[in-house]
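Asks: My questions all concern the structure below.
Taken together, the values in this text are just the output of simple stated rules run on the coordinates, not laboratory data. Since we're looking at a predicted model, the values are computed, not measured. Cβ sites come from the backbone with ideal geometry, for glycine too, and all protein chains shown count toward neighbours.
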Amino acid sequence: MRFFALAALASSLASTVQPAAAAQYWFGGEDPVTRSERPHPPDWMSMFEPGAPWQQGKNHLTAFKVAAQFVLRGTDEQIRGVVDDLHRNHIAFAVEMGSVAHTPGECGGGEGFAGPHLVDRVAGRLQRLGLTLDYWGMDEPLWFGHERTWGQHDCAYPVETVAEHVAGNIATMRRYFPNVVIGDIEVLSGNRIPTQQLLADYVAFVQDVQRLTGRPFAFMHWDVGWRGGGGRLIAPFSRQMHALGLRVGVIIGGDVPDPDDQTWVADGLQHVRDLAGDPAGQPDDFVVQSWQDLPTRMLPETSPGTATFELLQTERMAR
């Protein structure tokens, strides 16, 4: 019964990926094992306990996102606890993970890339635990595989080569989870790369992946460099993604220089106000997420400065 229930959930999720008027909300952030050398909110796992104090925000959530490290290094109990609670509450389980195939000793590696058998390891562990992956958000493959050229080990692959690397890993993932909904996460920044070139590259990449896999990406989520002028690119870039049939989302969070939790959350909510006030740039998906040291607490949703407070306020402001 559990298999059929989750299969039905995945099928229903797959049918909701086209751009729509109603906003959807995603949530994610630093878990107990991701980048374990850095601080993480000590109450992260408490979110999945019965009656955890974020029920209002949780009720409107579409997907909850973790990093691949959580699936690889978390305990069986942790992973099952998270996924079972999400599916019990009709929330999709999403993983953010690199997708550009990487061989040790070659250029690249790190963010955006997937080392040998990474997709097999992540998908295989979930499958062995009897769990379903609903969404895969690819971690900035074109930005790190093609656009970024100023680092010592950057690859600067042609756009089509990045798409080929990604297509191979998509095929691997679909062998485990045929119904997984796959989308892209990319950087919007007004620095270094001419705007028209960046837009043309993103359009070409989306089209190349569709040609190679036979399926379009379901969504494009923007990781906006707010201080680098990325906010002004949201509307024109989103129009092009909508024209290609993708949902568009914006990652909501504070800025790196923010000194404390409340400042970080306040900056993130100001971005929501700016988006809500500009119909041309308002996204389909609001992705409340942090892979930074802030905020330091997830709960409760009634306390300014927590991640769940930011989620609840985002939902209220964006409706």
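Asks: Pick out which of A156, A307, A243 has the largest mean-square fluctuation in a Gaussian network model of the chain, springs linking Cα atoms closer than 10 Å.
Replies: A243
Asks: So if I take the centroid of the Cα atoms in the range 180-232 and the same for the range 29-97, what is the distance between those two points in Å?
Replies: That distance is 26 Å.
Asks: On to the next question. Find which of G28, L294, A94 sits farthest along the positive direction of the dipole of the chain, computed with +1 on the beta-carbon of Lys and Arg, -1 on that of Asp and Glu, about the Cα centre.
Replies: A94
Asks: Shifting gears a bit: If you take the beta carbon distance between C107 and T195 as r and set R0 to 25 Å, what does 1/(1 + (r/R0)^6) give as a FRET efficiency, to the nearest 0.05?
Replies: That pair, C107 with T195, gives E of 0.45.
Asks: Between the range 236-262 and the range 101-165, what is the C-alpha centre distance in whole Å?
Replies: The range 236-262 and the range 101-165 have Cα centres separated by 21 Å.
Asks: With an 8 Å cut-off on Cα pairs and a minimum separation of 6 or more residues, tell me the relative contact order of the chain in percent.
Replies: Once divided by the residue count of the chain, the mean separation gives 20 percent.
Asks: Choose one answer from I182, I251, I193: the residue with the largest mean-square fluctuation in a GNM of the chain with alpha-carbon springs under 10 Å.
Replies: I193
Asks: If you don't mind, another one. Assign unit charges at the C-beta atoms only (+1 for Lys and Arg, -1 for Asp and Glu), then state the dipole size of the chain relative to its Cα centre in Debye, rounded to the nearest 20.
Replies: In debye, rounded to 20, the chain gives about 840.
Asks: Put a dot 7 Å past each Cα toward the Cβ at E160 and R73; how far apart are the dots in nm?
Replies: Between R73 and E160, the label points sit 3.9 nm apart.
Asks: For the range 32-102, what does the convex hull of the Cα positions come to per residue, in cubic angstrom?
Replies: Per-residue hull volume (Cα only) is 109 Å³.
Asks: Related question: Highest first, please rank the peptides 47-54, 58-65 by the mean number of other Cβ atoms sitting within 10 Å of their residues.
Replies: In descending order of packing, they fall as 58-65, 47-54.
Asks: Turning to a different aspect of this structure: Per the helix-only calculation at 222 nm, which mean residue ellipticity applies to the chain, given -39500 (n - 2.57) for every DSSP H run of n ≥ 4 and division by its residues, nearest 500 deg cm²/dmol?
Replies: Using -39500 (n - 2.57) per qualifying helix, the result is -12000 deg cm²/dmol.
Asks: Could you list which residues have their amide H under 5 Å from that of A114, counting only those 5 or more apart in sequence or on another chain, with H placed in the peptide plane?
Replies: S99, V100, A101, H102
Asks: Same structure again: For the charge dipole of the chain, defined by +1 on Lys and Arg C-beta atoms and -1 on Asp and Glu C-beta atoms about the Cα centroid, which residue among V162, V248, A218 has the Cα displaced farthest towards the positive pole?
Replies: Result: A218.
Asks: Looking at the chain as a GNM with Cα springs under 10 Å, which of A280, A163, A123 has the largest mean-square fluctuation?
Replies: A280
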